[in-house]
1. Between LEU148 and TYR162, how many nm apart are label points set 7 Å from Cα along the C-beta direction?
2. For segment 207-260, what does the alpha-carbon gyration tensor say about shape, rounded, prolate or oblate, given a ≥ b ≥ c as the root eigenvalues, a/c under 1.5 as rounded, and a/b over b/c as prolate?
3. Once you list every other residue whose beta carbon is under 10 Å from the beta carbon of PRO333, what net charge do they have if Lys and Arg are +1 and Asp and Glu are -1?
4. Could you calculate the FRET efficiency of VAL435 with LEU205 from 1/(1 + (r/R0)^6), where r is the beta carbon distance between them and R0 is 22 Å, rounded to 0.05?
5. Using a 7 Å offset from the Cα along the Cα-to-Cβ direction at both MET315 and LEU130, what is the distance between the two label points in nm, to one decimal?
6. Give LYS209/LYS234; LYS281/LYS388; LYS281/LYS328 a once-over and call out the pairs whose C-alpha atoms are over 30 Å from each other.
7. Using amide H atoms built in the peptide plane, which far-off residues or other-chain residues are under 5 Å from ARG112 H to H?
8. Between THR280 and VAL303, what length comes free when the chain is fully extended (0.36 nm per residue of separation minus the Cα-Cα distance, one decimal in nm)?
Amino acid sequence: MADLNLALGSLLGLLLLPWLGAFLCRRGDVLSPVLLFTACVFIGYVLPLPAYLAGIDPVTSSWTNVYGDFERSLERALWVTIVGVLGFYVGYAATRDLMPGTRMATIGRLPRWRDNNLVLVGFLYTVGGLALFSVGVALIGGPTALLLGLSSRVSAFAGLNYLFSAINLLLVVSLVWWARALSEQRLPNVAFWLYTVCAVALAALQGSKAILFVFTFAMILVYHLLARRVSVAKLALLLAIFVPILSIYTIYVREYVVWGELRSLEATDSSLMLLWLLVTKEFAGNFVQLQALTLIVDRVPDVLDFQNGRTLLSMLTIAVPSGLYPDKYLTAPGVFTLSIEPDRWVREGTTLPPGLIGEMYMNFGWTGVFIGLVGFGAAFGWIRRIVKQRGRDPVVVTLYALAVAMMAHYVRGELVSPTVLLLIFALPTLVMLRVVVVRQRRSRVGETAIGGAVEGAIS
């Protein structure tokens, strides 16, 4: 049976291989949604297989796992993954390549900005974000309580998420400022970099690496579309710098701030070796979608009933504080974790994300996986098509960048929480852009100089 699972893992790898090959091709767009989806699936479902079979993966060593039939469940999980991947490709192709439409491109002038409005909205966002965040810090007991609570944000920030999330308005200002400069074919001045460093430092006090990742990736995508295409080599260099920084931040928040030492890593004389162990541990601990899906197909529906959309309904109640509505719908990670290790949820507030494919299976089984991933792929194919049609429109490009920056969190997490995070960024960004960007009339054209440039950058 182990040989069969390895064969299925190889089949999944072969299914992903043509897209990964395009990732390495100079003519391919290394930041397109389809390639990012493929890379996330490969990292989350193919790479963990050998360690999982050997029983040395993070889920096996850290979570209570009692399988009815491990080998059979792993085989089904691999087949479910293949069905989901095919569904995404079908949906993406249907809207990205087959949907008829007329190209729309900006002719002549670059986008114009209302500088006075930009300064005014930026000031209001900054003051409002700092004020609300400060109120939240005061309510939980001050800066010391904030730092000590970063390792358990669920309990520390309970009922106050709106106040703490307000600090992300500073990141929105930086993102719009960045898009403004790049849309005018220049790099921003020193004031922008000083403001952005401060905004990132304050946002880091939320203890969420997801927020920092989405912001940074969105900035890269805006640069990729409005300034200069990011090559494979440049992307690899950025990852080599950013991933260790994010790993250091994560372990600092979780362990060093709380205990004053690193307990999950053994001391070593080599700083480079310590950094390598830290990065690989953090990386392996975040991409455990194959293990999670195996647990899901093993338990659903024998132990845990099909949810029939209940985890998706949490989108309607997630904005309501638990203190006001204790019985609100749980997200998929909450439902999944309570079914496998409820004490972990109560004691630590820790959840094991099922992955988007896992959530679709939890709710609707095989059919839900295929239809759900078709819809997911169609959504990204549609927004990809829009950004091609709208040329250098900074509103479209910026919102597209935020959506695509969420890809990894959708694939490795679930549907509801990443969507909420996307809305936290996208709604104030849209409001600000609508106020500060002068909308230009667009003409239906077959190809223009600008339209052709954008087509080449994202094809």
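1. Using points 7 Å along Cα→Cβ, the separation is 2.8 nm.
2. oblate
3. Charge balance near PRO333 sits at -2.
4. Calculated transfer efficiency: 0.20.
5. 3.6 nm
6. Those over the limit are LYS281/LYS388; LYS281/LYS328.
7. For ARG112, the qualifying residues are VAL438.
8. 5.0 nm
We did not get these values from a lab; they are worked out from the coordinates using the rules stated. On a predicted model such as this, the values are computed, not experimentally measured, just so you know. A quick note on method: Cβ atoms are made from the backbone with ideal geometry, for glycine too, and the neighbour counts reach across all protein chains shown.
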